[in-house]
Amino acid sequence: MSTMLDRADEIAASLQLALLLEVSAYPKPGNVHRTQDFDKTRYEHFLASAAGLGSHFRLAALRGHGIGTRSSRSRGLAIGECIRNAVETCSEFQHGGNTSLGAILLLIPIAYASGMGSPGSTLRAREIRNKLREVVNRTTSEDAVNVYLAVSHLSSGGMGKVPELDVNDRNSIRRIRRQRLSLLDVFRISAEYDAVSSEWTNNFSVTFDIGLPFLKRELRSTGNINTAVVDTYLKILSQVPDTLVARKQGVKRAKEISLQAEKVLRKGGMKTQTGRRSVEKMDKALRRSDHRCNPGTTADLTASTLSVLILDGYRP
């Protein structure tokens, strides 16, 4: 008989597999993948990060299972603490810098939501999405503070300056506590210019409405997980200009890259010889800018899409 501990282990392994499949997909334009590294951040750094995150995904699933209990209602979900600890573990497991912040911000709430089901039931994408709404709506100001401390711990490059509640401004945490802004409140402020924040405030719309249906279709038509993941990455990028690129290089450049991804997909993406050559050409072109055109947020959204696919039953 399946127990909650078994379920939590399965959820953790599923999310780790999602991270591994995402970073392994190649040639994923502009990102680290199994055949291309950055100068200081390499493929193995992402593998190490995925290995280190298992215990945090497991804990998130167990905490999700406790949602609705009296103790949960009194102490909150502590999701910010879980995110902060996961980020710190990533730094301890490898020396390649910020490999997984965006993915952690997306996958930890998915782990909470997945843990809310009964141990013997089958996880389904629709149920996970329904439960995500409750998870994000129950965040607190301490969750927000912990996420800010997690980002500060990374000294994350490419964050840029933002007009309100800048993570580099010490007054931001004081304001969060003074105004009792929840983590969801903070993400509502930043959703306009950050796609991860937008996922939180729009019930993970890119993951469930764009990424997941497309990924499933690609798998049905090709049977090839690498082809499906790269094309899904391009699909998300074509419809959602990458906000990491926008912070580094401006919104105009981010939109140009989205248009480029759309053109590559029109040529067949990874499914045709012409499309494959275009994917490889795009990958090389984005690397010429000293990695300042790295669509890293798109990679995070691809990882969250994969996580739901795997939790829904997919096995490579």
Under the condition of being within 25 Å of R247 (Cα to Cα) and among the acidic types (D, E), which residue from segment 261-316 is modelled with the lowest pLDDT?
D290
Counted residues, segment 281-316 - those being closer than 26 Å to G223 by Cα, surrounded by 15 or more Cβ atoms within 10 Å (Cβ to Cβ) and more than 19 Å from the chain's Cα centre (by Cα):
2
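Name the single residue that is farthest from G211 (Cα to Cα) among those in segment 269-299 being of a type in the set (V, I, T) and part of a helix (DSSP H, G or I). Step through it out loud before you land on a result.
Filtering segment 269-299 for residues of a type in the set (V, I, T) gives 272, 274, 279, 297-298.
Next, only the ones that are part of a helix (DSSP H, G or I) stay: 274, 279, 297-298.
Numbers: T274: 23, V279: 18, T297: 13, T298: 10 Å.
If we take residues in segment 269-299 being of a type in the set (V, I, T) and part of a helix (DSSP H, G or I), then T274 is farthest from G211 (Cα to Cα).
Suppose the filter is surrounded by fewer than 22 Cβ atoms within 10 Å (Cβ to Cβ), more than 23 Å from F204 (Cβ to Cβ) and modelled with pLDDT under 95; does G96 pass it?
Numbers: surrounded by fewer than 22 Cβ atoms within 10 Å (Cβ to Cβ): yes; more than 23 Å from F204 (Cβ to Cβ): yes; modelled with pLDDT under 95: yes.
Considered against the rule, which asks whether it is surrounded by fewer than 22 Cβ atoms within 10 Å (Cβ to Cβ), more than 23 Å from F204 (Cβ to Cβ) and modelled with pLDDT under 95, G96 comes out as yes.
Within segment 83-91, does at least one residue satisfy the condition of being among the small types (G, A, S) and at pLDDT 90 or above? Break it down into steps so the answer makes sense when it comes.
From segment 83-91, those among the small types (G, A, S) are 86, 91; that's our starting set.
Retained after the next criterion (residues that are at pLDDT 90 or above): 86, 91.
Yes, the conditions are met somewhere in segment 83-91.
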Taking L62 as meeting all but one of (1) assigned to a helix (DSSP H, G or I); (2) of a type outside the set (G, A, S); (3) under 19 Å from the mean Cα position of the chain (by Cα), write down the number of the exception.
(3)
Restricting to segment 8-34, count the residues that are out of contact with any Ser or Thr (no Cβ under 8 Å at 6 or more places or on another chain) and either under 16 Å from S55 (Cα atoms) or part of a helix (DSSP H, G or I) (or both).
10
Subset of segment 218-235 (residues that are more than 21 Å from the chain's Cα centre (by Cα) and either modelled with pLDDT under 95 or in a helix (DSSP H, G or I) (or both))
R220, S221, T222
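The values are calculated or read from the model by the stated rules, or taken from the named source; none is laboratory data. Everything numeric here is computed off the predicted structure, so don't read it as measured data. Reconstructed Cβ throughout: ideal geometry from the backbone, glycine too, with neighbour counts over all protein chains shown.
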